[in-house]
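Trainee: Please read through the structure below; I'll follow up with questions.
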Amino acid sequence: MNTYSSYECKCAQGWTGDNCNDDIDECLQNPCPQDTACINKINGFSCVNCASFACANNGQCIDTQNGPICNCSENWIGSTCQLTNFCSSTPCRSYEQCINTDVAYICEYHPCISSPCQNNGQCIETGFGFICNCSRGWTGSRCENRDYCVSDACLNNGSCINLNTSFQCHCPDRWYGQSCERFDYCSFNPCFHAGFCENTNRNFTCKCRQGWVGPKCETRDFCYSSPCLNSGVCINKNSSYACTCPMGWTGTNCESYDYCHVNPCNGRGACFNKDAGYDCSCNPGYLGQTCDLIDYCASNPCLNNGTCALELSGYLCKCHAGYLGKTCELDMDECSFDLCPVRSTCYNNHGGFSCVWNDRRRKRNLFNEKNVHTVQLPYTARGINLLKDTVMLRRALNVCEEEKHNMFQPIQVKVLTRERIIYVKFYASC
Ligand SMILES: [Ca+2]
Ligand SMILES: [Ca+2]
């Protein structure tokens, strides 16, 4: 069909192109039913399966969902076993790939073909050879060696060295351990006085030499010689030691038994420990080895120079001459004893008494001075009784013993309380 400047072809079915000389590939439209394969042909196509299709060169046809495929016999390849397999005799070397062509084979250098990388290592061709990208845990040019130096095997910048069955880390300064995981605190020499340093997880400890203590052996150990005796506990101090003694022991080194520790003075006095026993210095008001006695005399209860004497449950005052009463608080009324001679008057006074003659002149006439005697009598019941009974007195004094008619008359009685003596001046005429 002519057009204005050219022509135009109207192609028959199965053909296309300006001049209708191009075959239409109908198979592109997937025209065939399932279980068959589409084969394009000149001016058409056909749907084939093993019933309508044969593999060349004794290839075995196998129907599949997508149509027939050929299982070629040895020496043949191609979709219909139509090509000679020049590579079937493996003519190439292990590191070469055999490439089949229509007329021959070509050996191409491909070192990775022989799978030189072991243990799942990835082979990468470089043009001149190959390198192995080994999987984790393997090393070597062909991944043939176990890699014990997997990442993080050596910590803290330690360098890893593979051994036959393990790895070894070369640790940087101040680090050590299988994986350089431990810090060497001892590298700073923290222990003084030749103490032995031992690393711990997060620090160090010092094992001190004898005579030194403290976290860094910095302190002198005065307890080193075990100076505390009798199970005393030694406490180290800056410049010496102190012993904490068990109950009952005392002294710098707990060397003395403390007899005072059981409070033998009953809390009534100070206890003084001795080598074999104790002494109590009793507080005022208490007496005895253990201050168990009450000193009833401590308050000086006896008045007027009376003497206090202790009794089991109290005190007894020995009163000075002329006094009476529990505490000698009473003046003795000596005049009630009728001590004074006839014609004299008794005057009581504090702590004593006196006899005063009513007629001093007669007295002088009566008594011859050379017959006046002076005796001393004790101011006791005996002395007073002697004074009251002139017969007894005369006998006691061995004066005019045998005389029946005599005169024996006290002429003056004086009580000297300070000296506890009764002075009796008397007239005796035998
Ligand atoms: Ca066609
Ligand atoms: Ca008196």
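Trainee: Of 328, 217, 191, which has the largest mean-square fluctuation in a 10 Å C-alpha GNM of the chain?
Mentor: In the Gaussian network model the winner is 328.
Trainee: Taking 0.36 nm per intervening residue step and subtracting the Cα-Cα distance, what contour gain separates residue 382 from residue 239 on full extension?
Mentor: 43.9 nm
Trainee: Right, next: Out of segment 24-87, which chymotrypsin sites (Phe, Trp or Tyr not before Pro) are coil in DSSP terms and have no more than 11 other C-beta atoms within 10 Å?
Mentor: Qualifying residues, ordered by number: none.
Trainee: Could I ask something else about it? Report the trypsin sites (Lys or Arg not before Pro) located in segment 179-277 that are in a DSSP loop and have at most 14 other Cβ atoms inside 10 Å of their Cβ, or state none.
Mentor: Sparse-neighbourhood loop trypsin sites (Lys or Arg not before Pro): 202, 237.
Trainee: Give a residue-ordered list of calculated ³J(HN,Hα) values for segment 183-196 (Karplus: 6.51 cos²θ - 1.76 cosθ + 1.60, θ = phi - 60°; whole Hz; x for Gly, Pro).
Mentor: Karplus values, whole Hz, x for Gly and Pro: 8, 8, 5, 6, 5, 8, 6, x, 8, 7, 6, 6, x, 8.
Trainee: Related question: In nm, to one decimal, how far is the residue 181 label point from the residue 369 one, both placed 7 Å along Cα→Cβ?
Mentor: 13.2 nm
Trainee: Shifting gears a bit: Each residue of segment 82-93 in turn: what ³J(HN,Hα) in whole Hz from Karplus with 6.51, -1.76, 1.60 and θ = phi - 60°, glycine and Pro shown as x?
Mentor: Along segment 82-93, the couplings run 8, 10, 6, 8, 5, 7, 5, 8, 6, x, 8, 7 Hz.
Trainee: Starting from the Cα-Cα distance between residue 281 and residue 202, subtract it from 0.36 nm times their residue separation and give me the gain in nm to one decimal.
Mentor: Between residue 281 and residue 202, full extension yields an extra 22.4 nm.
Trainee: Test of understanding: in a Gaussian network model of the chain with alpha carbons linked when under 10 Å, which of 116, 91, 172 would top the mean-square fluctuation ranking?
Mentor: It is 91.
Trainee: Once R0 is set to 25 Å, what does the formula 1/(1 + (r/R0)^6) return for the Cβ-Cβ distance between residue 58 and residue 133, expressed as a FRET efficiency to the nearest 0.05?
Mentor: 0.05
Trainee: Magnitude of the Cβ-charge dipole of the chain, K/R +1 and D/E -1, about the Cα centre, nearest 20 debye?
Mentor: It works out to roughly 6080 debye.
Trainee: Shifting gears a bit: Which length gain, in nm to one decimal place, applies between residue 15 and residue 174 when the Cα-Cα distance is subtracted from 0.36 nm times their residue separation?
Mentor: Contour length minus Cα-Cα distance gives 48.6 nm.
Trainee: Let me have the 222 nm mean residue ellipticity of the chain computed from DSSP H runs of 4+ only, each contributing -39500 (n - 2.57), with the sum over all residues rounded to the nearest 500.
Mentor: Computed mean residue ellipticity for the chain: -1500 deg cm²/dmol.
Trainee: Also, I was wondering about something else. Rounded to the nearest 20 Debye, what is the dipole magnitude of segment 223-304 about its Cα centre when Lys and Arg each give +1 and Asp and Glu each give -1 at the C-beta?
Mentor: So the magnitude is around 220 debye.
Trainee: Within 10 Å of each candidate Cβ there may be at most 15 other Cβ atoms; applying that plus a DSSP loop requirement, which trypsin sites (Lys or Arg not before Pro) in segment 91-173 survive?
Mentor: 93, 136
Trainee: Taking H placed 1.01 Å from N in the peptide plane, check which residues at least 5 places from residue 331 or on another chain put their amide H under 5 Å from its amide H.
Mentor: Excluding prolines and chain starts, which carry no amide H, the hits are 324.
Trainee: For segment 228-236, in order, what is each residue's ³J(HN,Hα) by Karplus, 6.51 cos²θ - 1.76 cosθ + 1.60 with θ = phi - 60°, in whole Hz (x at glycine and Pro)?
Mentor: 7, 8, 6, 6, x, 9, 8, 10, 6
Trainee: Which is the longest run of the chain containing none of the GluC sites (Glu not before Pro) found in DSSP loop states (not H, G, I, E, B) with at most 12 other C-beta atoms within 10 Å?
Mentor: Longest site-free region, per DSSP loop and neighbour criteria: 75-400.
Trainee: List the residues whose amide H sits under 5 Å from the amide H of residue 109, counting only those 5 or more places along or on another chain, with H placed 1.01 Å from N in the peptide plane.
Mentor: Amide H neighbours of residue 109, under 5 Å, 5+ apart: 97.
Trainee: Translational D (Stokes-Einstein, µm²/s) of the chain at 37 °C and 0.692 mPa s when Rh comes from the Kirkwood sum over C-alpha pairs?
Mentor: Roughly 83 µm²/s, to the nearest whole number.
Trainee: Under a crude label model (7 Å from the Cα following the beta-carbon direction), how far is residue 125 from residue 261 in nanometres?
Mentor: With each label point 7 Å from Cα toward Cβ, the separation is 9.8 nm.
Trainee: Residues with amide H under 5 Å of residue 373's amide H, sequence separation 5 or more or different chain, H placed in the peptide plane at 1.01 Å from N; which?
Mentor: Residues meeting the criterion, in which the H sits 1.01 Å from N, are 426, 427, 428.
Trainee: What is the distance in Å between the Cα centroid of segment 240-276 and that of segment 148-169?
Mentor: 67 Å
Trainee: Let me ask you something else. Taking the chain as a Gaussian network, Cα atoms linked when under 10 Å apart, which of 59, 306, 288 shows the biggest mean-square fluctuation?
Mentor: 59
Trainee: Got a sec? Charge dipole of the chain, +1 on Cβ for Lys and Arg, -1 for Asp and Glu; which of 312, 284, 248 is way out at the positive end?
Mentor: About the Cα centre, the residue reaching furthest to the positive side is 312.
No lab work stands behind these numbers, since they all come straight from the coordinates. Just so it is clear, the structure is predicted and the values come from calculations on it, not from any experiment. As a convention, Cβ positions derive from the backbone with ideal geometry for all residues, glycine included, and neighbour counts pool all protein chains shown.
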